[in-house]
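Worksheet for the structure shown next.
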Amino acid sequence: MSIELLNEILDYNPNSGEFTHKNRDWPNAWRNGKKAGCANCVSGYIQIRIGGEIYYAHRLAWLITYGSWPKNQIDHINGVRNDNRIANLRDVTSYKNQRNRPTNGRIQGVCWDECNNSWIVSIADAHLCREKDFFEACCLRKSEEYKHGYICR
């Protein structure tokens, strides 16, 4: 898959993370403007078929945004596998990608406080702040990991 071909057949919205089919002539005219891809029923990742090959949407988002394939794996920062907004994607090693896996459906260092209707962000048993937005809480947690060099388990 080349970036030229990708740009020819699909549009990518970096704010929503969605791909749509570009306007093309018959026989694919029925796809024009429609959402591209669907979620894999096992993994939850969005897959898009192009020329008989299946590609993950998060990898295509990286290619179309940066002009080259990712060097490693693509990590969904907030842990939501179908959230392909470019702000939610990062190129990381397998080790770092595994570190970001949710444990029992949770992101480490981010937990919901029902009494205050906010997300508590902590690192190394230290409370950092409260956030109303889950994505913002996850981003803050990740930035603190990098800032302090913590490997959290």
Study note, to complete from the structure: Flagged in segment 16-52 as among the aliphatic types (A, V, I, L, M), loosely packed, with under 15 Cβ neighbours inside 10 Å and at pLDDT 80 or above, in numbering order, are A39
Check your understanding: Cβ-Cβ below 7 Å, separation at least six or inter-chain, first residue in segment 6-18 and free of Cβ contacts under 8 Å to residues at least 60 places away in the same chain, second among the aromatic types (F, W, Y) and assigned to a strand (DSSP E or B): which pairs?
Key -> L10/F19; D11/F19; Y12/F19
Check your understanding: Looking only at residues in segment 63-88 that are touching an Asp or Glu at 6+ places or on another chain (Cβ under 7 Å) and buried (at least 19 other Cβ atoms within 10 Å of the Cβ), which one is farthest from M1 (Cα to Cα)?
Key -> H76
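Do we find that N78 is out of contact with any Cys (no Cβ under 6 Å at 6 or more places or on another chain) and at pLDDT below 95 in this structure? Walk me through how you get there before you give the answer.
Working: out of contact with any Cys (no Cβ under 6 Å at 6 or more places or on another chain): no; at pLDDT below 95: yes.
No: the conditions fail for N78.
The values are calculated or read from the model by the stated rules, or taken from the named source; none is laboratory data. Keep in mind that what you see is a predicted model, and the values were worked out from it rather than measured. Neighbour counts are summed over all protein chains in view; Cβ atoms, including those assigned to glycine, are modelled from backbone coordinates with ideal geometry.
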